[in-house]
1. Find the relative contact order for region 77-131 and round it to a whole percent, using C-alpha pairs within less than 8 Å whose residues are 6+ positions apart.
2. Quick check for region 24-173: number of Lys pairs with alpha-carbon distance under 25 Å, counting only pairs 8 or more apart or on different chains?
3. To the nearest 0.05, how large is the calculated FRET efficiency for THR8 and GLN30 if R₀ is 25 Å and r is the Cβ-Cβ distance?
4. Work out the FRET efficiency for GLU92 and SER69 from their Cβ-Cβ distance, taking R0 = 22 Å, and round it to the nearest 0.05.
5. Would you mind computing Rg(Cα) / (2.2 N^0.38 Å) for region 98-173, counting N as its residues?
6. Extension gain ALA56-ILE161, at 0.36 nm per residue separation less the Cα-Cα distance, in nm?
7. Sum up the charges of everything whose Cβ sits under 11 Å from the Cβ of PRO135, counting Lys and Arg as +1 and Asp and Glu as -1, but leave PRO135 out.
8. Based on the mean of other Cβ atoms within 10 Å per residue, sort peptides 93-102, 133-142 so the most packed one is first.
Amino acid sequence: MYRVTVTTNELSAALARVQAALTDTRPLMQDIGEFMQRSTQANFAAGTDPQGQPWAPRSPVTLARYEKSKDRPGPRPLTGPSKALSTTISYEAEADEVSWGSNMIYAAVMQFGAQQGEFGARMGINKKGRRYFFPIPWGPIPARPYLGIGTADQQAIGEIIAEYFGEAAGAKG
């Protein structure tokens, strides 16, 4: 039979450390933010949503526009010539929450999709100097979720939380 002895001072100190860790969880939120930033970038590398489902492919119209402009997009949807969306994923950690995403103006449209003309129309001028209007967006854009917490992410976040509070309590790894 094993016997474990814990003195009140040790237990009180461990509980005080856990209480302090609960007061400001910013370090925990930073760890989760860093993890989710990497996880989201992995979604771009794989061309999948957080659950591992492939994104809708580029439309023939989009491919034709790339060809006409001589742009070379990346091999997967959401990875254009500049790779701007995938390279602007960042996080912001607060005392009790974390958020992550992109500051690109079109980030929400890529996440949730949009219908043709959903944002109105824009005026253009053709080669003959005549005005014309075209819808924004000029065609439907399917949702391609790149943000979110997948099943594997949930497990990893649980492990990050357990490690954080284990370290706060003074647990030996």
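Every number here is computed from the coordinates shown, using simple stated rules; none is lab data. All values reported here derive from a predicted model rather than from experimental measurement. Here the Cβ is made from the backbone with ideal geometry for all residues, glycine too, and neighbour counts use every protein chain on show.
1. For region 77-131, the relative contact order is 21 percent.
2. The number of close lysine pairs in region 24-173 is 6.
3. With a Förster radius of 25 Å, E is 0.15.
4. Working from the Cβ atoms, E equals 0.05.
5. Its radius of gyration relative to the 2.2 N^0.38 Å reference: 1.98.
6. 34.4 nm
7. Numbers: positive: ARG122; negative: GLU118.
Summing Lys and Arg as +1 and Asp and Glu as -1 gives 0.
8. Going by the mean number of other Cβ atoms within 10 Å, highest first, we get 93-102, 133-142.
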